[in-house]
Amino acid sequence: MSTTTTASAEAAPSAADTLFERLADVWVELEERLERVPILARLAEGTVTLDDYRRLLFNLRQQVVDGSPWISRAASSFDGDHFELRSAAIRHAEEEHRDHLMLERDYVAIGGSLDELRAGRKNIGSEALSAYMFHYAGRPNPVGLLGAMFIIEGLGARRAAGWAARFQEVLGLADNQVHFMRYHQDADTEHTGNLEAILTSGAIDARAADEIVRCAQVVARLYALQLEELDR
Amino acid sequence: MGATANAYLTGFGRYLPGAPVDNDGIAARLGGDDPVTERIRRRILESNGIRQRHYALDEHGEPTELNEELAVKALRAALDDRGIDAADIRMLACATTMGDVLVPGFASMVHGRLGGGPMQLLSASGVCASSLAALDAAVSKIRLGDHPRAAVVGSELPSRSLRQRRYDGVRAGMDSHFLRWMLSDGAGAVVVEFQPHPDKPSLRVDWVRHVSLAHEHDVCMRAGMTGPEPVLGGTWQDVDIADAEAAGMFLLRQDVGMLDDLADAGIRQFEELVDIGLVDVRHLDHVVCHYSTNMFRDVAFEALRRRIPTLDTDRWFSNLETRGNTGSASIFIALEEAWRTGRFAPGETVLLAVPESGRFSFAFAHLTVVAPPHQQGATP
């Protein structure tokens, strides 16, 4: 089914602790990579432009519209033995279902054209990320996707509001123009809380933990690629 | 509290119909060449100081354009100045004293002629201060982040109703003559955005303030009513049109005896702006003031100089004498000229002031000149 390497879990105090430590390493690596992403570097140093923000929304939108569909596909891939994960996925899919509409309103509020936004195509990184998510979600019992959630929801909970605030500070944007990024701080903090509950529930065995970490690594890299490959 | 955006004026336009008409050319267009009218006209022109103006009338006094056409031409000039198209704006706020038609609203007609895409409209009616009321609405929506770009226009075409045929057989006293030889046609427009102009200076709108004192003042300027008192049976809508016309209800009138009160009230409003700190007299660099006649120029100028001793004529701008009194359009026509002729430098502040005699309204706007974003680092 997967070609994950079998990590040694024998020396670890508990599977959950080890899993969190391994995910934390993935996160640290992602953060280091994000610092080098050109648009985020410009955001940090305050040289970002309105066109940068517009491009970011444009590029994110093309992948965000796929969020709810791949989570829904994942829900349908969980069998009866993974009933709780199926429930969680169904709930989550519903919650994400209208997210892109918020992003679209922000795009229009800064002067963008809704028609052009909706006619846009995915960038190279978004293509890879979206294709990987759909592929993974179609596998039987795709428990590894919890690693994807860790990355994507983590970015929403820990980084998006900071980006929104910085864009507002540098570009003088109103709250009405950064709904999408601001909203994710609250929504994704709730989601990451749910995720932690699942990861610590004892339902994750060593093999599942490997899958989760591997999926997190791939998604972290592809998410950064999406931000690196704006408009390409 | 939620964060709001800034609002910047990034494009300026005006449209003055036809060639300028000097004082000798008025009678050919508006009529009234009998000796009595002639004498009144000369006296009024002497006091208001207007040397030339524009009319959307040909040399025989026949209309050449609609008010909505003036508005659209000023808007196009402002959009061109900014380098954008009507399709780029999401809100259009229009001010006029009288549109071409009774229904629908003026902004609907202007939008229909201007084109562009779907947009929010506002028709601000009133008199001279209605253009700043329209600006206030547009600025507020920009600051909320509801729209990225808006356009605001003030437009007037009173000349049609100042022609002799309106006065024939109607008792017209000083209250109607005063305006007849003072008002003229024109339109002025601005583009409002949440970002400054990318490579030219912009005017940041710090605040707009609009105050009515109608609760303690009678009607000063009117049309469509028999006298200053609003009474049933005394408005043009209550009686037959022919009777309304015979009663002189369609003449625009102003109770000139109230104008000193208006000037005093306007000065008190300015004093209040200083008292509550909206205007910092140490950092006020320019004043663009609308006034109907030069009589009030000196009154207003001296009153402001009491609070701003450094205010000299270089920092005071009006183009009443050369562009005429165009009512709600005046403040944008003056701002456009002041801006285009390079009176303002980055970092300086500008106060717009518009007293409205209608029933005592006063509008002010405070602006700050900002350099283009890429030059801001170089500005101390």
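The values are calculated or read from the model by the stated rules, or taken from the named source; none is laboratory data. Everything numeric here is computed off the predicted structure, so don't read it as measured data. Counting neighbours? That spans all protein chains shown, and the Cβs are built from the backbone with ideal geometry, glycine included. To get the accessible areas, we keep the full protein, side chains included, count just its heavy atoms, and leave off ligands, DNA and RNA. Shrake-Rupley method; radii C 1.70, N 1.55, O 1.52, S 1.80 Å.
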Matching residues, region A:97-121, being open to solvent by 30 Å² or more (accessible area, probe 1.4 Å) and not hydrophobic (A, V, I, L, M, F, W, C): A:H97, A:R98, A:H100, A:R105, A:G111, A:S113, A:D115, A:E116, A:R118, A:R121
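Here is a yes/no grid of residues against (1) within 14 Å of another protein chain (Cβ to nearest Cβ); (2) touching a Leu at 6+ places or on another chain (Cβ under 9 Å):
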site	(1), (2)
B:R43	no, no
B:R53	no, yes
B:A56	no, yes
B:L66	no, yes
B:L70	no, yes
B:A77	no, no
B:I84	yes, no
Enumeration of residues in region A:126-173 that are in a loop (DSSP other than H, G, I, E, B), crowded, with 23+ Cβ neighbours inside 10 Å and within 14 Å of chain B (Cβ to nearest Cβ): A:L173
Residue check, B:Q254 among the polar types (S, T, N, Q), under 25 Å from B:L304 (Cα atoms) and crowded, with 18+ Cβ neighbours inside 10 Å: no
Output for region B:309-338, where each listed residue is part of a helix (DSSP H, G or I) and buried (at least 23 other Cβ atoms within 10 Å of the Cβ): B:L320, B:R323, B:G327, B:S328, B:A329, B:S330, B:I331, B:F332, B:I333, B:A334, B:L335, B:E336
Members of region B:237-251 that are crowded, with 16+ Cβ neighbours inside 10 Å and under 14 Å from B:G227 (Cβ atoms): B:V239, B:A244, B:A247, B:G248, B:M249, B:L251
Residue ID - nearest to the other protein chains (Cβ to nearest Cβ), chosen from residues in region A:16-63 that are among the hydroxyl-bearing types (S, T, Y) and over 30 Å from A:I204 (Cβ atoms): A:T49
Verdict on A:A209 being among the hydrophobic types (A, V, I, L, M, F, W, C), away from chain B (no Cβ under 14 Å) and more than 26 Å from A:L101 (Cα to Cα): yes
When residues of region B:11-25 are limited to those that are in contact with a helix residue (DSSP H, G or I) (Cβ under 7 Å, 6 or more places away or on another chain) and under 24 Å from B:A74 (Cα atoms), the one most open to solvent (accessible area, probe 1.4 Å): B:R14
Failed item, numbered, when B:L132 is tested on (1) farther than 18 Å from B:F362 by Cα; (2) in contact with a Leu (Cβ under 8 Å, 6 or more places away or on another chain): (1)
